[in-house]
1. Is it fair to say residue 53 is closer than 18 Å to residue 122 by Cβ, more than 18 Å from the chain's Cα centre (by Cα) and surrounded by fewer than 19 Cβ atoms within 10 Å (Cβ to Cβ)?
2. Here is a list: 161, 139. Which entry is of a type in the set (Asp, Glu), in contact with an Asp or Glu (Cβ under 9 Å, 6 or more places away or on another chain) and under 25 Å from residue 67 (Cα atoms)?
3. Please work out if residue 110 is out of contact with any Lys or Arg (no Cβ under 9 Å at 6 or more places or on another chain) and of a type outside the set (Phe, Trp, Tyr).
4. Among 161, 173, 149, which is farther than 30 Å from residue 25 by Cβ, acidic (Asp, Glu) and out of contact with any Lys or Arg (no Cβ under 9 Å at 6 or more places or on another chain)?
5. The conditions are (1) modelled with pLDDT under 90; (2) within 16 Å of residue 102 (Cβ to Cβ); (3) of a type outside the set (S, T, N, Q), and residue 11 fails exactly one of them. Which is it?
6. Can you tell me which residues in the stretch 147-192 are open to solvent by 90 Å² or more (accessible area, probe 1.4 Å) and within 18 Å of residue 128 (Cα to Cα)?
7. Is it the case, given these coordinates, that residue 9 is open to solvent by 20 Å² or more (accessible area, probe 1.4 Å) and small (Gly, Ala, Ser)?
8. Of all helices (runs of 4 or more DSSP H) completely enclosed by the stretch 1-108, which ones contain at least 3 residues that are in contact (Cβ under 8 Å) with a residue 24 or more places away in the chain and more than 27 Å from residue 187 (Cβ to Cβ)?
Amino acid sequence: MTESRGKPSERRADLVRIAAELFAERGYRATTVRHIGDAAGVLSGSLYHHFDSKETILDELLSSYLDELLETYREIAGDEPVTALRGLVTEAFRSLCEHRAAITVLQNERNYLRTLPRFNYLTKAEEEVRRIWITVLRDGADAGSFRVDLDPEVTYRFLRDSVWVAVRWFRQDGRLTPEQLANQYLRLILGGITKR
């Protein structure tokens, strides 16, 4: 995916967090280096001491999120299918808290980012996420844990879209924790809404 960049300095990490919030709130293209500098309390030119461009800030934000997500998903995928599915859904909801801005930027700017060669890794990362989820769903069907009459691709898209759209309304200070929200979704997914 991306080359290791080493551990960023604390100030650099703060600047990425500040920029991330602005990218999520205003949009990547609408956020200028001056906006980031103003929000960080520095002259916009001072940002170039830490980053060579606004694109580099976005790259650091997205690549660190995807690297972490994929590492966790790879570990989860080794579990038996029902446990793995539970883990994937739970981890997706947990990431809404820590990586809300990155997820929002990916959702809002995905088509634009496809036009930038620097972000070619996004397609590869998304494909690996898709492959992990679909493998878990297929393995579960093969093991008799999941229904075989449901297309794994359609099931994956349903799950992906229903989980990731929660970034638009889920709040850390809301009445449900990420784990509680994941459990609600899992009860719907695994049990359905029909009264038995």
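1. Against the criterion (closer than 18 Å to residue 122 by Cβ, more than 18 Å from the chain's Cα centre (by Cα) and surrounded by fewer than 19 Cβ atoms within 10 Å (Cβ to Cβ)), residue 53 qualifies.
2. On inspection, the qualifying residue turns out to be 139.
3. yes
4. Residue meeting the stated conditions: 149.
5. Among (1) modelled with pLDDT under 90; (2) within 16 Å of residue 102 (Cβ to Cβ); (3) of a type outside the set (S, T, N, Q), residue 11 violates only (2).
6. 154, 157, 158 - these are the residues of the stretch 147-192 that are open to solvent by 90 Å² or more (accessible area, probe 1.4 Å) and within 18 Å of residue 128 (Cα to Cα).
7. yes
8. Passing ranges, in order: 10-26, 54-76.
The values are calculated or read from the model by the stated rules, or taken from the named source; none is laboratory data. For clarity, every value in this text was computed on a predicted model and none was experimentally measured. Note: ideal-geometry Cβ built from the backbone for every residue, glycine included; neighbour counts use all protein chains shown. Remember, those area values only see protein heavy atoms, side chains included, never the ligands or the DNA or RNA. Shrake-Rupley method; radii C 1.70, N 1.55, O 1.52, S 1.80 Å.
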